[in-house]
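Read-outs: derived from the displayed coordinates by stated rules, not from any lab. Fair warning: this is a prediction, and the values are worked out from it, not measured in the lab. Heads up, the Cβs are rebuilt from the backbone with ideal geometry, glycines too, and the neighbour counts pull from every protein chain shown.
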Amino acid sequence: MGIVAEDIARVREATDLVALVSRHLALKRVGASWMGLCPFHGEKSPSFSVSAEKGFFHCFGCGKSGDAITFAMEIEHLDFATAVETLAAGAGITLRYDERSRSEGRRERTRLVAAMQDAVEWYHQRLLNSPDAGPARSYLRTRGFDGDTVRRYRIGWAPDDWDALARALRSHGDALGRAGLVFVNRRGRTQDFFRARVLFPVFDAQGDPVSFGGRVMPGAEGPKYRNTSETPLYHKSRVLYGLNWAKSSIVATDQVIVCEGYTDVIGFAAAGLDRAVATCGTALTEDHVKMLRKFARGVVLAFDPDSAGKAAADRVYAWEHTHDIDVSVVDLPAGVDPADLARRDPEALRAAVQGARPFLAYRVERVLAGGDPSTAEGRARVAEKALAVIAEHPNELVRDPYVMEVADRCRLDPDQLRARIARGGLAPSGSPAATNGNAPRRERPREDDDPFAGEDVRPTRPRGRPAGVEIEALRLAVHRGSEMTTLVDAVLFADPVHRDVYGALVAAGGDVHAAAALLDPDGAELLAALAVEPGDAEPLDVATRLVAEAGRRTLLDFERRARRSADPLEFSPSVTWLKLQLEHLRAEPISVLVESDELVRWLRDQDPDRV
Ligand SMILES: [Zn+2]
């Protein structure tokens, strides 16, 4: 791209976000921020908020968020460089394009790829040969991964150690950190990002390793999957797992299968369908689609695309139109992942892919199958629902055969149904009214003893203004920086997303834009939501409550462990000490938090996942 990074920052700073947004919607001042009707989703009461001071916008309705550059990109459909150029022109900034920055970028990339390659090899050898990887090896075998599979996909093992990789690959210097393999913890020690996890290396389309997906062992604590954060090498909205292996088969068949998990890709290939790719813990994006279009026209979704409702449908039809692709959907048996099916019944998986139906057909069929055809009322109801789904498709020529199908199946007059669509006002398919409880819905099992099932599917976080002491603490860390961050520690946050956001703020030295760049979409969205709404809480007060809450959690944990332990007394000194500290904290927060810091450090040491 070649725009000097410094100039991009200048453009961001010089752009008046409130003025920019006001060109597209009316904003009203509310407290410290500005509110208006969101331009990215239909709404009647304002949930779109802009912070002039932080240069961030966030919609509490749909979750869209970002800075001036993101806003220009989204609203005008510009790519990054064009958005920067447009804003620079508006702000009277002359941009510098740097040939050097381009070749520096290439050099940086080479360095990071070299570090990643060595890490892939190191983790892989560890899995193959090291005694501490024994349980991981037998676990993989029980999941149907033989030695050939492990070698082909370069699967690895991150040992249960603080910094084994950091020490082994220290000749790579800061490239390890830049590639997301290690980080510097709060005590200034370099620490491995992955610990006690089975690692799936992710390669870009050219076959360069860019990130890892790390899975916990069954029964271990922590999120099921942990993925590399965004790095200069790795942008998850633009990387598809498996594309490097699958691309020639994708071209040959003019078809790509898109699934959700690493093991699904491997399962498809084992069943002879070596044209599958997976998104890495994110929804399919337009960038993914653009990339896939270079290889094939047929896009087969092997996951439930309906869970996202109307928004997903709108996106799919827009992609079909803009990028000239055909999207179809594999109807998998309820509760079954492609990886499971590949192991149990590869023939059924092949048949399911063979029988993939066009996106609209799949959705209409689902509605029809869930209706009650035995009465006229039942048929009318299901016809109405099916029409709502059909009406979402922008092309009448595509819609009409489906209208006739519905007329046929529900024994109604097609002309009446056409008139019903023309009249409009059908309930959107994403609304509860149109979601049929009887429809075959894939419930993904989530139990820990059912390994690999439901991988990478993160629960959707509830929208709306988040609350709680962790949120208050994060808000203060955003708006009052070191006043807050000197008082508490990331491990005091129970919610992993909160923990990530806090860690990113500390790592970025309080620079909110830099912190956002370190986070995954969930974290970045939360950060933007906090940036647009300063609070009026006091750092010391919030820190006290946060530490007290973490202390009470630890206390409960000790008491639970003591009940199960053969020697319950071994916990009693810690319990007594902690209780005293918590009392002391209530009485004299300053001396506990600021002067001694002992309680916070002690709590940090109790955390198995400390950062
Ligand atoms: Zn919105």
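On full extension, the segment bounded by Asp557 and Arg411 gains 46.4 nm, given 0.36 nm per residue less the C-alpha separation.
You can think of it this way: the chain between Arg344 and Glu53 has 99.1 nm of extra reach, that is 0.36 nm per residue less the Cα-Cα gap. With the charge dipole of the chain set up from +1 on Lys and Arg Cβ and -1 on Asp and Glu Cβ about the Cα centre, the Cα lying farthest toward the positive end among the listed residues Val182, Ser374, Gly105 is that of Ser374.
Placing +1 on each Lys and Arg Cβ and -1 on each Asp and Glu Cβ, with no other charges, gives the range 25-91 a dipole about its Cα centre of roughly 400 debye. Scanning residues 5 or more positions from Ser211 or on other chains, those with amide H under 5 Å from its amide H are Val202, with H placed 1.01 Å from N in the peptide plane. Compared with the dominant principal axis of the Cα atoms in the chain, helix 80-91 is inclined by about 70°.
Principal axis extents of the C-alpha atoms in the chain (largest first, rounded to whole Å): 80, 61, 58. Where does helix 309-323 land angle-wise versus the long Cα axis of the chain, in degrees 0 to 90, nearest 10? With both axes taken from Cα atoms, the answer is about 70 degrees. A quarter of the convex hull surface defined by the alpha-carbon atoms of the range 305-396 gives 7.3 nm² as the mean projection.
Placing unit charges on the Cβ atoms only, positive for Lys and Arg and negative for Asp and Glu, gives the chain a dipole magnitude near 600 debye about its Cα centre.
Could you order peptides 185-194, 507-516, 22-31 by the average number of other Cβ atoms within 10 Å of their residues, highest first?
So the order, starting with the most tightly packed, is 507-516, 185-194, 22-31.
A full extension of the chain between Ser171 and Asp607 corresponds to an added length of 154.0 nm, given 0.36 nm per residue minus the alpha carbon distance. Pairwise alpha-carbon distances in the range 493-548 exceed 16 Å for 46% of all pairs.
Spin-label model, Arg151 to Glu74: label points 7 Å out along the Cα-to-beta-carbon direction sit 4.8 nm apart. The calculated FRET efficiency for Glu483 paired with Val30, based on their beta-carbon distance and R0 = 22 Å, is about 0.35.
Between helix 539-564 and the chain there is an angle of about 80 degrees, using the helix long axis and the longest principal axis of the Cα atoms. Summed over qualifying helices (DSSP H, 4 residues or more, each -39500 (n - 2.57)) and divided by its residue number, the chain shows a 222 nm mean residue ellipticity of -15000 deg cm²/dmol.
Look at the dipole of the chain built from charges on Cβ: of Ala383, Ala168, Val202, the Cα furthest out on the positive end belongs to Ala383. The peptide list 368-376, 262-270, 338-346, 169-177, put in order of mean Cβ contacts within 10 Å with the highest first, becomes 262-270, 338-346, 169-177, 368-376.
Taking every alpha-carbon pair under 8 Å whose residues sit at least 6 apart, the chain reaches a relative contact order of 10 percent.
Most tightly packed first, judged by the mean number of other beta-carbon atoms within 10 Å of their residues, the peptides 291-297, 200-206 read 200-206, 291-297.
Evaluate 2.2 N^0.38 Å with N set to the residue count of the range 66-106, then give the Cα radius of gyration divided by it.
1.31
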